[in-house]
1. Can you say whether ALA16 is buried (at least 17 other Cβ atoms within 10 Å of the Cβ), at pLDDT 95 or above and of a type in the set (Gly, Ala, Ser), as far as the supplied structure shows?
2. Mind checking whether some residue in region 152-170 is among the charged types (D, E, K, R), more than 26 Å from VAL77 (Cβ to Cβ) and over 18 Å from the mean Cα position of the chain (by Cα)?
3. Does region 84-143 hold any residues that are assigned to a helix (DSSP H, G or I), farther than 27 Å from TYR38 by Cβ and within 15 Å of the chain's Cα centre (by Cα), and which are they?
4. Which ones in region 208-262 are farther than 23 Å from ILE300 by Cβ, surrounded by fewer than 22 Cβ atoms within 10 Å (Cβ to Cβ) and not hydrophobic (A, V, I, L, M, F, W, C)?
5. Only one of these conditions is not met by LYS206: (1) touching a Phe, Trp or Tyr at 6+ places or on another chain (Cβ under 7 Å); (2) without any contact (Cβ under 8 Å) to a residue 40 or more places away in the chain; (3) farther than 15 Å from VAL132 by Cα. Which number is it?
6. Among residues belonging to region 51-80 that are assigned to a loop (DSSP other than H, G, I, E, B) and surrounded by 13 or more Cβ atoms within 10 Å (Cβ to Cβ), point out the one that is modelled with the lowest pLDDT.
7. Regarding GLU156, is this residue free of Cβ contacts under 8 Å to residues at least 24 places away in the same chain and either among the acidic types (Asp, Glu) or under 30 Å from LEU270 (Cβ atoms) (or both)?
8. Considering region 162-186 alone, what residues qualify as being among the charged types (D, E, K, R) and either in a helix (DSSP H, G or I) or modelled with pLDDT of 80 or more (or both)?
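The values are calculated or read from the model by the stated rules, or taken from the named source; none is laboratory data. Since the structure is predicted, the reported quantities are computational estimates derived from the model, not experimental observations. All Cβ positions, even for glycine, are placed from backbone atoms using ideal geometry, and neighbour counts span all protein chains on display.
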Amino acid sequence: MKGNTDTTLREKHVIACIWDFDKTLIDGYMQTPIFEEYGIDEDLFWREVNMLPKIYAERGIRVSPETVYLNHMLSFVRSGTMAGLSNAKLRELGAKLKFCPGLPNFFDELRAVVKSDDRYRRLDISLEHYIVSTGLTEMIRGSEIAEHVDGIFGCEFIEEPMPPYYSRQPEFDLSTLSSQINQIGMIVDNTIKTRFIFEINKGTNKNPAIDVNAHISPEDRRVPICNMIYAADGPSDVPVFSVVRKGGGKAFAVYDPARDAELEQNDTLLANGRIDAYGPRVYTPESQTSKWMKMHVRKICERIIRETEALVENKLGRAPKHLREETGPHTEPCGCESRELDLK
C-alpha cells in the first residue's frame, strides 16, 4: 500500500494500549491452573524447562526458551500426565485466571477517557486494547478479560495434525482426529512480539491482505506507533519497549508492590532510558498506574487534535491573523510520523 501524498488527514484515529500478560495483568503465570488441574509440580516443571537448553546444547542443538516450554508441555501430554489437554480445555482453564486489582474494568475506563470529550469524538478517536504474550492464546481467550480486548497474540497449539497425503482423500473426515494438543502452531517470544507491534501499526491484524513486511507510508498506517502505550513487567520486554519508544510511543513497566526487587528493577529500566515511567500492577481508579495511563491517553488525544489542526491549516491555508496570535503554544505537530519513517 503506497500512501497518497495528497491525502494525509486520517478519517479515524486509533490509540492502542498493548499489554503483556503474565505478571502484568495477573500476579503470576497463566499456566498455573493447568498444573493444578493435572497435579503437576509447577516449580519442578519450570526447573526442568530452564535445564533443557543446556542439555540440548550438549547435543549440539540450539533451542529457544519458548520452544522448550511448549514442547515440554507436549511431552507431558504425550506421556499421559496431561492426557486430554485440548484447546477447549485451555479455554476452560483460562476462566480460572485471577486478574490484578481494577481489571478488567480498567480497560473500559481507558476507553471512556476517549469517549468523554466531544472534541475527541468529532475526530473519531478510538482506543483499542491488545494483549501480546509469550503465554497461551487459548487461555487468554477463555479468561474474563477476553471480551474487553480487540486482539490477542500468543502461543498456540495444533491439536491432531493433518496426516500425510490428506489432500488425496477428498472425503477425509476431520471428526476422526483427536482434539488433544499435539503440535506447536505459533511461538511468541520477546523478539517476535515486535512483529505484532508492526501488525497493529500497519493494520495487518484488521486486514490480512496487508503484508506486515509491505512498505506503507506513515500517514497510511492504521495505528501510528506514537499512538501506542506498551505496558509490561520488566527487562524481557526491552525489545518492544525500544520499538515503541523509538516510534514516539510510551513504554510503561509494572511491578508487584510487595516485591522491592521488582521496584528496583523498574527503576533501573527508567534510569537507563528503557521506559518512560513505572508503577504498581494495580489498576484501580486511585492507583498511580491508572492515573498515569489515563493522563497519557488524554495527551495522545490532545496531540492528535493539534496535529490535525496543523494539517488542516497547511492544506487549506490559514486565515490572516496577527503575528502575536500565531506564536502561541502547541501550534506544531509532534513529528511522530517522521520518526516512524526509521522503523520497519
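1. Judged against the criteria, ALA16 is a match.
2. yes
3. Of the residues in region 84-143, the ones assigned to a helix (DSSP H, G or I) are 87-94, 105-115, 118-122, 137-142.
Imposing the further condition that a residue be farther than 27 Å from TYR38 by Cβ reduces the set to 105-115, 118-122.
The answer is PHE107, and nothing else.
4. Within region 208-262, PRO208, ASP211, ASN213, HIS215, GLY234, PRO235, SER236, ASP256, PRO257, ARG259, ASP260, GLU262 qualify.
5. All conditions are met except number (1).
6. Selected residue: SER64.
7. When the stated conditions are applied, GLU156 does not pass them.
8. Looking only at region 162-186, we keep the residues that are among the charged types (D, E, K, R), and these are 168, 171, 173.
Answer for region 162-186, where residues must be among the charged types (D, E, K, R) and either in a helix (DSSP H, G or I) or modelled with pLDDT of 80 or more (or both): just ARG168.
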